Amino acid sequence: MKNFTDRVAAITGAGSGMGRSLAIQLAREGCHLALADRNAASLAETAQLAQAAAPQIVGAPLRITTRVLDVADRAAMFDWAAETAAQHQRVNLVFNNAGVALSSTIEGMDYADLEWIVGINFWGVVHGTKAFLPYLKASGAGHIVNTSSVFGLFSQPGMSGYNATKFAVRGLTEALRQELDLMKCGVSATCVHPGGIRTGIAQSSRISSNMVGFMLETEQQGKDDFEKFFITTADEAARVILDGVRKNKRRVLIGRDARAADWLARTLPAAYQALVVMQTRRMKRIAEKRARRAAQVDGRRA
C-alpha cells in the first residue's frame, strides 16, 4: 500500500500514544478513520486532533468514527468491525495497537493480572485480526499492523507476562503474513517492535508488590526508571510504522534500543540472558544507593 489517501484505517488504543499519532498522521494524508479506545474523553480528543489535521477538501470531508471499546471483549470487537465496514463502506488498514504492561515475578504473579494482560495484549490482537480480515480481503487492498514490542524479541526478568504476550503477537503475525502471502488475496501484515516509546504505558502499568525488594525499591521508582528508557517519540514511531506499511515490511523495529535488542538476541540467543541479569543487578544496586541517600536527606530534614 503505497499511499493512504481515501483509505479507511481502524486503530485500537487510539486515545493516546502511538495510536493517537497514527490517527493524526493518517488524517493528514486523507485517510478516513475508525478509532477505538477504552477512555472516552481521550478518544474524543484524538478524533478532534485528527479532524483538525485533515486536508480541507471541499465536498469530501474526512470521515472519522469512534467507539469506546475493550479489545479483550471478542463480541465487542466483532461488532465494531461490522460497524466500521457499514459506516465507511470498506476497511483497508487495521492497527492492533492497544496494549498494557505488567511487572511481576512468575512465582508471585496473580492469575487475574495475567489474564488481564493476555486479554488485552494477545487476545485483543487476535480479535482485531480475525474480526477485520474478511473486510480487508473484500476491499482488495488491505494491511494488518500488529504491535509487538522490543520484549517480543528478548526477555527480561520481572516482565514474563508482558514478554509472553508480545512473543505471542510476534508468532501470530509472522504466521499470518506467510498465510496471506500464500493466499495472494491483496492483504498483507506487519509486526511492529517498538523500543522505549514516550507514552503513558509506564505510569499506567501494573507493578506487583512482589517486585518491591526483589528488583525495585518502590513501585513508583520502578515506573520512573522504566520511563527513563523511553527515547523515541510517539510521532516518530508512527512515522516509522507507516513507512513500513508503504514498503510492505514484515518486521518494523522502532528506535535504536529495539535494533540493539534485535541484534543482541540474534547474536547471543542464549548468552544475552546472563547479560540482562548482570545489568539488572547493577541497576538494582544503583536504585538501592539512591533510596539510601534519599532516606538520609529525609532524616536530616526531620
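Placing pseudo-labels 7 Å out from each Cα toward the beta carbon at Arg266 and Asp73 gives an inter-label distance of 4.1 nm. Amide H contacts of Met159 (H built 1.01 Å from N, in plane; Pro and chain starts excluded): Ser104 sit under 5 Å, all sequence-distant by 5 or more or on other chains. Between Arg293 and Arg246, what FRET efficiency comes out of the Förster formula 1/(1 + (r/R0)^6) with R0 = 45 Å and r the beta carbon distance, rounded to 0.05? Efficiency, rounded to the nearest 0.05: 0.35. Extension gain for Met183-Arg256 works out to 22.9 nm (0.36 nm per residue, less the C-alpha to C-alpha distance).
Our estimate of slack between Ala141 and Tyr111, defined as 0.36 nm per intervening residue step minus the Cα-Cα distance, is 6.8 nm. Beyond 24 Å between alpha-carbons counts as too far, so tell me which of Lys2/Lys184; Lys130/Lys249; Lys166/Lys289 fall in that bin. Correct reply: Lys166/Lys289.
Between the C-alpha center of segment 117-149 and that of segment 25-68 there is a gap of 20 Å.
At an R0 of 35 angstrom, the distance between the Cβ atoms of Asn39 and Ala86 translates into a FRET efficiency of 0.90.
Compared with the direct C-alpha span, the chain from Met278 to Gln48 gains 78.2 nm at full extension, assuming 0.36 nm per residue.
Values in this text are rule-based calculations from the coordinates and carry no lab data. These numbers come from a predicted model, not from an experiment. Please note: Cβ atoms are built from the backbone with ideal geometry, for glycine as well, and neighbour counts cover all protein chains shown.
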